[in-house]
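Asks: Mind having a look at this structure? Questions to follow.
The values are calculated or read from the model by the stated rules, or taken from the named source; none is laboratory data. No experiment lies behind these values; they were computed from the predicted model shown. Don't worry about glycine lacking a Cβ; one is built from the backbone with ideal geometry, like all the others, and counts go over all protein chains shown. Ligands, DNA and RNA are stripped out before the accessible areas are found, and what is left, the full protein with its side chains, is counted by its heavy atoms. Shrake-Rupley method; radii C 1.70, N 1.55, O 1.52, S 1.80 Å.
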Amino acid sequence: MGESILRVKAADESMQTVNDFIHSQLPKGCDDMLLNQIDLAVEEIFVNIAHYSGSEEAEIVLDYHIGGDGSGVLTVIFKDGGKPFNPLEKPDPDLTLSAEERKIGGLGIFLTKKFMDAVEYEYSDGKNCLKIKKKVCAG
């Protein structure tokens with residue numbers, strides 16, 4: 001399918017546009033649970049950009065292709081020009097503690113790491129770049 005790029009205002013009101021963009025690139029018939037996992041990861045990453053990066057704009061680079069085993073592979077890279085921040089450096093939350101005892105924050109990126117096949121971060125050309133990959137349904 002090749003690479004597609006979306007540039008949007010880094011704000012909550014762009015969330016639906018981002019979701020629509022990602023869904024439009026996936027083949028029909030993907031498993032609902034898998035779509036929910038992708039939606040959760042995308043929302044977690046985009047909302048954090050909108051709320052904390054200080055960037056006016058976010059760029060979402062999406063690539064979907066069929067892998068050697070016949071399954072589709074979705075790669076999404078979120079880029080923003082905000083201050084450098086690697087969410088993967090945050091320690092995972094202690095899930096043995098009750099919700100009241102746990103420190104606030106970190107659960108969303110923890111779930112993103114659990115649900116995606118790969119999550120990578122780099123700071124390149126003055127931009128935060130967070131990449132997620134997930135094996136999904138074939139086209």
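Asks: Who wins for biggest fluctuation among Glu44, Glu59, Glu13 in a Gaussian network model of the chain, springs between alpha carbons below 10 Å?
Replies: Most flexible of the set in this elastic network: Glu13.
Asks: In terms of Cα to Cα distance under 22 Å, which lysines are near enough to Lys79, apart from those fewer than 8 places away along the same chain?
Replies: Filter leaves Lys9, Lys90, Lys113, Lys114, Lys127, Lys131, Lys133, Lys134, Lys135.
Asks: Continuing with the same structure: As a test of the formula, what do you get for the chain when each DSSP H run with n ≥ 4 contributes -39,500 (n - 2.57) and the sum is divided by the residue count, at 222 nm and rounded to the nearest 500 deg cm²/dmol?
Replies: Estimated from H runs of four or more residues: -8500 deg cm²/dmol.
Asks: Next up: With the Cα gyration tensor of segment 1-60 giving a ≥ b ≥ c as the square roots of its eigenvalues, does the rule (a/c under 1.5 for rounded; else a/b larger than b/c for prolate; else oblate) give rounded, prolate or oblate?
Replies: Cα axes put segment 1-60 in the oblate bin.
Asks: If I compute solvent accessible area with a 1.4 Å probe over the protein chains, what percent of it on the chain is carbon and sulfur?
Replies: Carbon and sulfur: 51 percent of the exposed surface of the chain.
Asks: Hey, another quick one. Excluding Leu34 itself, calculate the net charge of residues whose Cβ lies under 14 Å from the Cβ of Leu34, where each Lys or Arg counts +1 and each Asp or Glu counts -1.
Replies: +1
Asks: Name the cysteines of the chain that stand alone by the Cβ rule: no other cysteine Cβ under 4.7 angstrom.
Replies: If one checks each Cβ against the other cysteines of the chain, Cys129 turn up with nothing under 4.7 Å.
Asks: Using 0.36 nm times the number of residues separating Leu35 and Leu111, minus their current alpha carbon distance, what extension gain do you get?
Replies: 26.0 nm
Asks: Longest span of the chain, sites excluded, free of trypsin sites (Lys or Arg not before Pro) in DSSP loop with at most 13 other C-beta atoms within 10 Å?
Replies: 29-102
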